[in-house]
Structures are given as structure tokens and as C-alpha cells.
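The values are calculated or read from the model by the stated rules, or taken from the named source; none is laboratory data. None of these values were measured; they are calculated from a predicted model. Backbone-built Cβ (ideal geometry, glycine too); neighbour counts: all protein chains shown. Remember, those area values only see protein heavy atoms, side chains included, never the ligands or the DNA or RNA. Shrake-Rupley method; radii C 1.70, N 1.55, O 1.52, S 1.80 Å.
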Amino acid sequence: MREQPLLTVVRCAEAAALHWRVEQLASAGVRHVEVAWSPQSGWVEQCQALQGQFPGLSLGAASITTAAALADVRAAGLSYAMSPLLCPELLAEAARLDLLLVPGVMSPTEVNLARRLGCGLVKLFPAAALGPGYWRLLAGPLAPLPFCIAAGGLGPADVPVWLAAGVQAVTLGSALFTAGPEAALDPQLALVLQALKLASAAASAKNADDPDSPANTGPWLPFSQA
């Protein structure tokens, strides 16, 4: 995650369309892909198939709001799950299943509660409605803030803006593809990925000269090595 602070969400009911979109993201160089959970039968099997077809991806689940959805994530063998909600009971169930669940937060109260519940990672949602300066405003009264993934209504052009504003990662969803049956990947994503790659290389070179830099001493993240 430190090398590529970008997550993507794919939401498709049809298996072939789901595979095609994941394949496009993998070919573009995306590393972290979330498959939106669906109550329809076959979701677990689709996720298991994707893991076999794309072993280089860090595959997770999106839109997790119930214990039943968590059970499906566990059955599918996915490495993490994201929720739009902050629900203590759901976090407890995820811990029981030995799953990493990243909760959604919006208000200062939710951020503080997430921290009290031991959440080292949170999803700021819906980010587009809050603006890129929102997270930094919370730092004064609430610091230290948890690792923040901005999500909800963002497009490729928003990635550098939000990272510069202080969040640690950004999630992109529907804006990744054009509408219609022949959906195409937004060409701007390639530019964003290249910029992130260059930034990561520059940071690595700097950290090699300064092993005590924050990037080398920060908290360990369960899916940061993908």
C-alpha cells in the first residue's frame, strides 16, 4: 500500500464482466482490487476464481455491512474487507473470523470511536462530499489520526489531490470505467499509476539514505506488502 496507495472497486453481477474489469485493472498495473459483495449466489465462487486467475493482485471485498457478508469474505479467502459503516458488532465478528475489516467513518465522533475500538485503518466515506481538506482539519483536535483511505465519488484526477491533502490512500470505483456494455478503463488511470510509481521510487531512494525516516518507521499494515 505504501508503494501504490490506491485501491479500486469492481461492482458487477455478471461473472464475465467482473473478470473482464479485473483483468483490465491488473493489466494496467493496479495491485489492490476490491470486489463489491453481492447477496446473489455465486459471489464466493467468483472471488475464488479471480484469486486463481490473478495471483499477483491483493483482492479484498467492498460494501460489507452484515455478518453474512463477512462469512462470505471468509469463505472466499479474501485478504481484507471494507465497510461503509462503523459497527462495533461487525468489527468484533471480523476479529472472530480473523479478518481485516476497515470501517467507514465520517464524523469526528466516528473517527474517535474507531480509534478506541483499535482500528489502525479507516475509510473516510463519502470523501467527495467532504472535500480533500476535511481529514487534515481533524488532525488538530484528534491527532494522531489513523491510516486513512479516502473513498466515495472520487475519480483518477482526485488521487494526487487527496494524497497531497494528507490521506494515506484513495479508493476509486465507478469512475474507473466508462458507462455502457463496452466499458473502457479511464486512460487517466495510467497517468496516475505512473506518477505513483515515480513517487514510490523517489521515496525509496530517499529512505535508503535515511533509514530513520517516517516511511521506514511507520505502523505495519496487514496488506502493505502486496
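Of all DSSP beta bridges confined to the chain, the antiparallel ones make up roughly 5%.
Region 110-182 and region 22-67 have Cα centres lying 21 Å from one another. Projecting the Cα atoms of Ala143, Leu130, Ala195 onto the charge dipole of region 130-210 (Cβ charges, centred on the Cα centre) puts Ala143 farthest toward the positive pole. Note that region 1-120 presents 44 Å² accessible area per residue, ligands and nucleic acids not counted, probe 1.4 Å.
Kirkwood's formula applied to the C-alpha pairs of region 100-183 gives a hydrodynamic radius of 13.3 angstrom. Taking 0.36 nm per residue of separation and subtracting the Cα-Cα distance, full extension of the segment from Ala205 to Ala129 would add 23.8 nm. Charging the Cβ of each Asp and Glu at -1 and of each Lys and Arg at +1, and nothing else, the dipole of the chain about its Cα centre rounds to 340 debye.
Here the gap between Ala190 and Gln51, fully extended at 0.36 nm per residue and compared with their Cα-Cα distance, gives a gain of 47.7 nm. Scan the chain and report its longest stretch carrying no GluC sites (Glu not before Pro) that are both in a DSSP loop and have at most 14 other Cβ atoms within 10 Å. Counting only loop sites that pass the neighbour cut-off, the longest clear stretch is 15-181.
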